[in-house]
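Trainee: Please see the structure below; I have some questions.
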Amino acid sequence: MNKGQISVKLEQNNSYFPIAVEEEYDWLAIRFTYEKENSWGRLHLFDAENNIRFCFLDGGNERLIVVHKQVEFTSPIAMPGPIVQGIWTLEVSNEEGRMFEAEWELGYGALPAEYESTQMQGEREYWSTGNLNAGVTMDKYDWAKVWKMGSRYYKGDFHTHTILSDGKMTQLMNREQAVKQGLDFFVATDHNVLSTSWAKGDALVIPGVEVTAGDGHWNALGLRKWIDWRATAQDGGLTTQQGMDRLMKEAAELGAVCSINHPMLAPWAWLYGETQLKGLHSMEIWNDPTFSPNTVATEKALQLWTASWNEGYRITGIGGSDSHMLPTDKYEDSPIPSLIGDPSTYVWCDDLSADNVLEGVKNGHVYVSRGPVIEASIQVSGHDYRFGCDLSDAFSLGKSETVSHEVNCTLSVASDVFARVTLIHNGIAESVKEVSAAAAGVAPVALEWNIPWEEGAYNWYRYDIRDEAGMLLAFTNPFYYGSKEPQITSFKELLASANLTQVS
């Protein structure tokens, strides 16, 4: 028998259903239906040898997954490899009392036309070889591949979605739209799924996942393999503080950047108050500016981030469009569409590769913008630095025979609207310079600051750029010198330090 089905009212939040595979097949195709659209149900399939074969989150899109022995026919959220004989297990996580239906078919040879999926549009690049012993792993992805040559700021987006979770764009559409927006790269961060392949295109796509729970979301940027975020994990996975702590630790050990998303945006704000700040690489300060509640949430996130630097932490601030929509879609109260790359996060890389982007974020060589393009020359004693750099060594006699007692910073800003550039020193607005709106082709405006330094002190500086009405246009990451031993350790303590209350 090569077909089966179930139709049940779920008796608990996590249920398990066997799929009998009586002999080895070429492929297994499964369809799901739910009582409610966009149910946010989570499914995981394990084969007879207890290898995970797919992760699925129901965002209201296509509910079809194909697991095939060949990678080119396998759904992009599934692991290719042999369809081994034995009892497979479908784990279903959804609300108790909700109807759930599934039907499956096993077969040989070519897939029937009914199992052709919109997820598989376009030529594909394959990120996994199907090494089942390693779990869902990116063992074929080339992290060091150079996509573009040269040392400069590369334009990207660290928070995107597709039809693989709750987005409206296919992988192919996402990549094509990224190119139209002038992006050099973006990170694939669908909710609680890890892609094993992607539609080919010109922009660099970096594997990742948005670990999504009721009490907060965070991105594992550059995640190299599946980590067990399931609520049924021994520590509760993404549903508990202990589980989230373990997931961040595992992701970091695998080389991923751990970044809290929209920390002050209700109802998706970060509520895991005991999260240890030392485990964070970055924080999403600016999330989709076309979503009106983000105007206030972004200002609060800036306030929170400022407090983290004042405490002595060096958390990198990034942005993310959190793109879910088609390029023609917009919120009812927004005059412009919500697009991938709005805002854009610029990362300094010697050459464009996934490894270099992730390293650039960890080092804070980053600025975020909705328009203004920034170049910076930061010099001490004739030595060049950039955003994110520690200037401490530059102030030592061992660095140079002639030690300057100031930082010479020139910021070149190209903006098509009036821009007010503010130097932020230890969280305080210290100096303001203005840039008039520039016509196309007009050279960037160079703004200069000579910043005196105080020996033995801890100081940090960044720039915020706003329009005439005070709306944020861009911000840079800090450059700094000296150090400070933090007196707080947790996210809830950071909220208190920033005079903010938890948003739920």
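Trainee: Taking a quarter of the surface of the Cα convex hull of segment 153-237, what do you get in nm²?
Mentor: Mean projected area of the Cα convex hull: 6.2 nm².
Trainee: Okay, moving on. Could you give the size of the charge dipole of the chain about its Cα centre, using +1 on the Cβ of each K and R and -1 on the Cβ of each D and E, expressed in debye and rounded to the nearest 20? Walk me through the numbers before you get to the answer.
Mentor: On the way: 38 positive and 68 negative charges, 77 e Å.
About 360 debye.
Trainee: Would you calculate the separation in nanometres between label points at SER431 and PHE17, each defined as 7 Å from the Cα along the Cα-to-beta-carbon direction?
Mentor: That separation, rounded to one decimal, is 6.6 nm.
Trainee: Among all the lysines, which ones have a C-alpha under 28 Å from LYS140's C-alpha, if same-chain residues fewer than 8 places away are not counted?
Mentor: Cα-Cα hits under 28 Å: LYS69, LYS148, LYS155, LYS168, LYS180, LYS200, LYS225, LYS249, LYS362.
Trainee: Defining a contact as two alpha carbons under 8 Å apart and six or more residues distant in sequence, what relative contact order in percent does segment 410-484 show?
Mentor: Details: 139 pairs, mean separation 24.6, N = 75.
Averaging sequence separation for qualifying contacts and normalising by length gives 33 percent for segment 410-484.
Trainee: Nearest 10 degrees, 0 to 90: what angle lies between the long axis of helix 294-310 and the longest principal axis of the chain (Cα atoms)?
Mentor: 60 degrees
Trainee: Cα axis of helix 171-180 to longest principal axis of the chain: angle in degrees, 0 to 90, nearest 10?
Mentor: Relative to the chain, helix 171-180 is tipped by roughly 20 degrees.
Trainee: Suppose we take every Cα in segment 454-504 and form the convex hull; what volume per residue is that in Å³?
Mentor: For segment 454-504, the hull spanned by Cα atoms encloses 138 Å³ per residue.
Trainee: Please identify the chymotrypsin sites (Phe, Trp or Tyr not before Pro) of segment 301-371 that satisfy two criteria: DSSP loop assignment and at most 15 other Cβ atoms within 10 Å. Which are they?
Mentor: Those satisfying the criteria are TYR331.
Trainee: Here is a follow-up. Calculate how steeply helix 241-253 sits against the longest principal axis of the alpha-carbon atoms of the chain, using the helix alpha-carbon long axis, and give the answer as 0 to 90 degrees to the nearest 10.
Mentor: The answer is roughly 80 degrees.
Trainee: Another question about this same structure. How large is the Rg to Rh ratio of the chain when both quantities use alpha carbon positions and Rh follows Kirkwood?
Mentor: 1.00
Trainee: Still on this structure, I have one more. Just need the relative contact order of segment 160-206 here, percent rounded to a whole number, with Cα pairs under 8 Å and 6+ apart.
Mentor: In percent, rounded to a whole number, it is 43.
Trainee: Mind pulling up the Rg/Rh value for segment 403-504? Radius of gyration and Kirkwood radius, both on Cα.
Mentor: Taking Rg over the Kirkwood Rh, I get 1.05.
Trainee: Taking 8 Å as the Cα distance limit and 6 or more residues as the minimum spacing, I'd like the relative contact order of the chain as a percentage.
Mentor: The value is 12 percent.
Trainee: DSSP loop chymotrypsin sites (Phe, Trp or Tyr not before Pro) in segment 91-158 with at most 13 other Cβ atoms within 10 Å of their Cβ, which ones?
Mentor: Filter output for segment 91-158: TYR108.
Trainee: How big is segment 3-110 by Rg and Dmax over its Cα atoms, in Å?
Mentor: Cα radius of gyration and Dmax of segment 3-110 are 13.2, 38 Å respectively.
Trainee: Report the trypsin sites (Lys or Arg not before Pro) located in segment 141-197 that are in a DSSP loop and have at most 12 other Cβ atoms inside 10 Å of their Cβ, or state none.
Mentor: LYS145
Trainee: Using the charge dipole of segment 126-260 (Lys, Arg: +1 at Cβ; Asp, Glu: -1 at Cβ; taken about the Cα centre), state which of THR212, TRP143, SER195 has its Cα farthest towards the positive end.
Mentor: Toward the positive end, the furthest listed residue is TRP143.
Any read-out appearing in this document is the output of simple, stated calculations on the displayed coordinates, not a laboratory observation. Since the structure is predicted, the reported quantities are computational estimates derived from the model, not experimental observations. Virtual Cβ from ideal backbone geometry, glycine too; neighbours counted across all protein chains shown.
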